[in-house]
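First comes the structure, then the notes that go with it.
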Amino acid sequence: MLKILQNIVHNAISRPYTSNYPFTPYQHFPGTRADVSFDGSKCILCGLCQRSCPADCIVIHKEETKIEYLNTQCIRCGYCVRICPTNAIIQNEVYTKPSTDRLTVFTLVTNENAPIIKKRKAEAAAKKAAAEGNPAEAKPVKDAPGKTENKPGE
Ligand code: SF4
Ligand code: SF4
């Protein structure tokens, strides 16, 4: 009985736990898992995030060296963030505002350690050397190490 009285008094004099939205601006809690964003300077186009995404909202376009993120389809589970070997995916604490439009975000990958970018640079260097008549540098280019199997959409 005493406990109930204590609770009644406490609740009567304490401030409400809810905010007076929309008059009070929305405040997210620290550690909220919201939208993800990609860092094109760190990505190596390995495709692990695409394979791990349960909502199929990441498409790695290896040939075009870009990442497609279907924001409106993402369930904010964070699997991609945990699996990325180069920490190229960041999970933000802020959600995109609701909208009736589908939102797709493209990120261009510029990381020179990405196997396909390395391979293209080597091919360009070999072509240049061949054009300049330098056969020592104009060797055929092998596949760069770390090349992974192409997935649909690549
Ligand atoms: S947070 Fe989950 S649903 Fe969203 S892109 Fe990453 S793996 Fe896919
Ligand atoms: S490096 Fe990270 S962001 Fe890039 S494809 Fe691999 S898992 Fe995805």
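Overview of results
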| read-out | value |
| --- | --- |
| Verdict on residue 72 being of a type in the set (S, T, N, Q), touching a helix residue (DSSP H, G or I) at 6+ places or on another chain (Cβ under 8 Å) and within 13 Å of ligand 1 (Cβ to nearest atom) | no |
| Enumeration of residues in the stretch 100-112 that are of a type in the set (S, T, N, Q), surrounded by 13 or more Cβ atoms within 10 Å (Cβ to Cβ) and part of a loop (DSSP other than H, G, I, E, B) | 110, 111 |
| Residue match in the stretch 96-109 (condition: under 24 Å from residue 29 (Cβ atoms) and aromatic (Phe, Trp, Tyr)) | no |
| Search result, residues across the stretch 53-84 that are within 12 Å of the chain's Cα centre (by Cα) and among the polar types (S, T, N, Q) | 71 |
| Residue match in the stretch 72-80 (condition: touching a Phe, Trp or Tyr at 6+ places or on another chain (Cβ under 7 Å) and either farther than 16 Å from residue 115 by Cα or of a type in the set (D, E, K, R) (or both)) | no |
| Lone qualifier among 49, 77, 53 - being among the hydrophobic types (A, V, I, L, M, F, W, C), out of contact with any Ser or Thr (no Cβ under 6 Å at 6 or more places or on another chain) and more than 10 Å from ligand 2 (Cβ to nearest atom) | 77 |
| Selection within the stretch 10-46 - within 15 Å of ligand 2 (Cβ to nearest atom) and aliphatic (A, V, I, L, M) | 36, 44, 45 |
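Residue by residue, here is whether (1) surrounded by 15 or more Cβ atoms within 10 Å (Cβ to Cβ); (2) modelled with pLDDT under 95 holds:
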| site | (1), (2) |
| --- | --- |
| 7 | no, yes |
| 14 | no, yes |
| 23 | no, yes |
| 27 | no, yes |
| 38 | yes, no |
| 47 | yes, no |
| 55 | no, no |
| 58 | yes, no |
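The values are calculated or read from the model by the stated rules, or taken from the named source; none is laboratory data. All values reported here derive from a predicted model rather than from experimental measurement. Neighbour counts run over all protein chains shown; Cβ positions are idealised from the backbone, glycine included.
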